[in-house]
Amino acid sequence: MTDTYKEAYIEEANEHLLELEASLLELEETPNDRELIGKVFRSLHTIKGSGAMFGFDDIASFTHEIETVYDKVRDGKIGVTKELIDLTLLAKDQIKAMLSGVMGDEDATLKQKEIISGLKNFLNDDKPSAKQVKNYPDKTLNLESINENLTYRIRFRPFHNIFLTGTNPLTLLDELRSLGECKIVAQVDDIPPLESLSPEYCYTYWDIILTTDKGINAIRDVFIFVEDMCELTITVIESGEIQDKDDSYKKIGEILLEKGDIKKEDLQKALTEKKYIGEILVEKGLVAPDKIESALVEQEHIKKVRDKSKEEIQSSIKVSADKLDKLVNLVGELVTVQARLTQTVSKSDDSELTSIAEEVERLTIEMRDNTLNMRMLPIGTTFGRFKRLVRDLSGELGKEIEMTTEGADVELDKTVIEKINDPLVHLIRNSIDHGIEPPQVRESIGKPRKGKIHISATHSGGNVIITISDDGGGLDKDAILAKALEKGLINSNSDLTEKEIFNFIFHPGFSTAKDITSVSGRGVGMDVVKKSIESLRGSIDITSTKKKGTTVAISLPLTLAIVEGLLVSIDRSYFVIPLSVVQECVELTEADINRANGKNIAYIRGEIVPYIRLRNEFGIGGSRPDIEQIVITYINGERIGFVVDSVIGEHQTVIKNLGRLYRNVEGISGATILGDGTVALIVDVLKIMRNIEFADAIFC
């Protein structure tokens, strides 16, 4: 087997392991959810089957043992308990380790034996739990919790006198049609001869094949007012959990037997003749033509459902991240060339050439947006991983914690999602270890025993705001202030705002924790968190109330490939300031400078705003113009200005990485190429501001 196929299996198996973990954590909260049990089983079954196919026999063999237990769970013979979930999560971790090859053969074998031994304890005690329900396709199945597409066979046989109650069965059939894809066949074999027929009686009954995701309760609700006036049977005939789907479905005879329309011995007799089974049964008078039609309709319906499912699966393809990154780079080059074309055409009077340039610009913008959207992933994939972290750490520390999420469908660039994972993990660990109090302490101060961590994501212009909130003890402002004074970061007479005090926890090595644990320390490593976020052109902000809780808000750009910026110039050099942090632009005259007595501050509508001269920051020569421009930015809750010679306007920037020689240049995060081929540098406003804060002690 080639390495390409093995790599494809490993990638797919890791995706199934993520889904498996998420399903297990949900199943722990709702142990009787048949849909979740089915998801767990399907994930295990796929990992096992594909593993055997691609030569991962050790993984296939190990996963088979887990699958066997969950097959019993599906049958209602084993109950879902915390112990079973714990063991399955360990097994999931073991499979992941086996895929990555991080464990030696002996260690892996020993760990597998321990897990399998624990699983066999469940197999030895497989009596059904009283709280469990049987697994479908049992007709008595309770399918309230299932919300996936299932196909049902329904036989609705109203009593003859149903018309006398004022009920019209046709309205019930119309209501069924509204639930999903529906086929209905009327059965008329009960209609008596004309002389015996009563116009006030209903002699027709119906076979319905319905595919819906509304669940069985929605079907029962249709007949809720006539359930005492009819015979009603509802059977699941198509589901991913019942059987492995292939191109074939049940034969006509099998369907008729299931529905009770023919006896087994009559079917066996008919099968001996060399004709279509339907023709034989009708000719012999064993089955009415309508019942044959109903079986044929069922066959056709299931075939269409399966074909549609296959089309949906085949409509998406996997593309390696490297190929996608290369495509983004090529589109970036195309955007640059298109800008040059537009600038060149603007200098000519050729209307036809201008029209072509405008069309190229339109197509380039559309291609750019579509390409960047390919790299966008829902942040919920990251949120899902934190549930396991919260579960394990809260158990380890003896705390009761509930994690909730919001905005899981908010999309971010793949690269941003990958790089933000570690900072978020650190913040959550801090909340669990030093934020949320133990259950006994919470009860003693009037809080619920169970603490809460809430993670949310929302759009804010061209950025995404991720917030992590807990209802723990909050930050101790006085302790942080005392520690800052002890470290010499402030003077005893410093007058600081609450926000400025909280910002000290981002100082390297800053911590107020009395006891350093193996899990985290509030403040320890927060400087690394801040650096990681700022490397993504993001910002972090903390608000906290003592004894009430803490909220950390992280602002991140949607993508790292292209940035909306403000193009500015200093002498003959061009710079781009990210538009996401820009508030406004104001003029700076010589009179304004004299009014400030030589200090780098500006008075803007009664508010003092400090500013930095980018000319001095980057060592650019030349003389200043009579009227300069201040670009006012808002970063981490603070307003600060950047003085430039002139503001040219908004510019969509395709980011280019700097070469090795310039990679560590302070205050520059990248570069871009303008339409005329000139290079413009992208200003790292966060880095410049941070350097000024610590070097010149703005907060002191």
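The values are calculated or read from the model by the stated rules, or taken from the named source; none is laboratory data. Keep in mind that this is a model prediction, so the values were computed, not measured. Note that each Cβ is placed from the backbone with ideal geometry, even for glycine, and that neighbours are counted across all protein chains shown.
Where residues in the range 571-591 are outside any helix (DSSP H, G or I) and in contact with a Ser or Thr (Cβ under 8 Å, 6 or more places away or on another chain), which of them is surrounded by the most Cβ atoms within 10 Å (Cβ to Cβ)?
V576
Name the single residue that is nearest to S456 (Cα to Cα) among those in the range 387-403 being in a helix (DSSP H, G or I) and touching a helix residue (DSSP H, G or I) at 6+ places or on another chain (Cβ under 8 Å).
Going through the qualifying residues, I end up with K387.
Does the range 551-569 contain at least one residue that is in the same structural domain as H426 (by TED's automatic domain parsing), within 40 Å of the chain's Cα centre (by Cα), outside any strand (DSSP E or B) and more than 26 Å from E650 (Cβ to Cβ)?
no
Of N503, N463, N491, which residue is under 30 Å from E650 (Cα atoms) and at pLDDT 75 or above?
Criteria check complete, one pass: N463.
I'm checking my understanding of the structure. Among residues of the range 393-409 that are of a type in the set (A, V, I, L, M, F, W, C) and closer than 14 Å to E29 by Cβ, which one is farthest from the chain's Cα centre (by Cα)?
Taking the range 393-409 and keeping what is of a type in the set (A, V, I, L, M, F, W, C), we get 393, 397, 401, 403, 408.
Those still in the list that are closer than 14 Å to E29 by Cβ too: 401, 403.
Values: I401: 21, M403: 15 Å.
Looking at the filtered set, the residue picked out is I401.
Going residue by residue through the range 600-615, is there one that turns out to be in a helix (DSSP H, G or I), of a type outside the set (F, W, Y) and crowded, with 21+ Cβ neighbours inside 10 Å? Give the steps one after another, and end with the answer.
Narrowing the range 600-615 to residues in a helix (DSSP H, G or I): 614-615.
From what's left, of a type outside the set (F, W, Y): 614-615.
Going one step further and asking which of them are crowded, with 21+ Cβ neighbours inside 10 Å, we end up with 614.
Yes: one or more hits.
Looking at G621, G649, G637, which one is surrounded by fewer than 18 Cβ atoms within 10 Å (Cβ to Cβ), touching a helix residue (DSSP H, G or I) at 6+ places or on another chain (Cβ under 8 Å) and touching a residue at least 40 places away in the same chain (Cβ under 8 Å)?
G637
Report those strands (runs of 3 or more DSSP E) wholly inside the range 619-674 carrying at least 1 residues which are small (G, A, S) and closer than 22 Å to T415 by Cα.
Hits in the range 619-674: 668-673.
Which of the residues that make up the range 207-217 are modelled with pLDDT under 85 and either over 21 Å from I302 (Cα atoms) or surrounded by 13 or more Cβ atoms within 10 Å (Cβ to Cβ) (or both)?
Selection gives K214, G215, I216, N217.
Sort out which residues of the range 409-459 are within 29 Å of P557 (Cβ to Cβ), in contact (Cβ under 8 Å) with a residue 24 or more places away in the chain, out of contact with any strand residue (DSSP E or B) (no Cβ under 9 Å at 6 or more places or on another chain) and surrounded by fewer than 18 Cβ atoms within 10 Å (Cβ to Cβ), and write them in order of number.
Hits for the range 409-459 are T415, K419, N421, D422, V425, H426.
Condition check: surrounded by fewer than 18 Cβ atoms within 10 Å (Cβ to Cβ), charged (D, E, K, R) and modelled with pLDDT under 85. Does D392 satisfy that? Reasoning before the result, please.
On the way: surrounded by fewer than 18 Cβ atoms within 10 Å (Cβ to Cβ): yes; charged (D, E, K, R): yes; modelled with pLDDT under 85: no.
Against the criterion (surrounded by fewer than 18 Cβ atoms within 10 Å (Cβ to Cβ), charged (D, E, K, R) and modelled with pLDDT under 85), D392 does not qualify.
Would the range 439-456 turn up any residue that is at pLDDT below 85 and over 26 Å from K687 (Cβ atoms)?
For the range 439-456, residues at pLDDT below 85 and over 26 Å from K687 (Cβ atoms): absent.
Taking the stated definitions as given, is T81 of a type in the set (V, I, T), modelled with pLDDT under 85 and not assigned by TED's automatic domain parsing to the domain that holds A408?
Details: of a type in the set (V, I, T): yes; modelled with pLDDT under 85: no; not assigned by TED's automatic domain parsing to the domain that holds A408: yes.
Considered against the rule, which asks whether it is of a type in the set (V, I, T), modelled with pLDDT under 85 and not assigned by TED's automatic domain parsing to the domain that holds A408, T81 comes out as no.
Output the number of residues of the range 360-386 satisfying the condition of being in contact with a Ser or Thr (Cβ under 9 Å, 6 or more places away or on another chain), assigned to a helix (DSSP H, G or I) and of a type in the set (A, V, I, L, M).
Residues that pass the stated criteria total 2.
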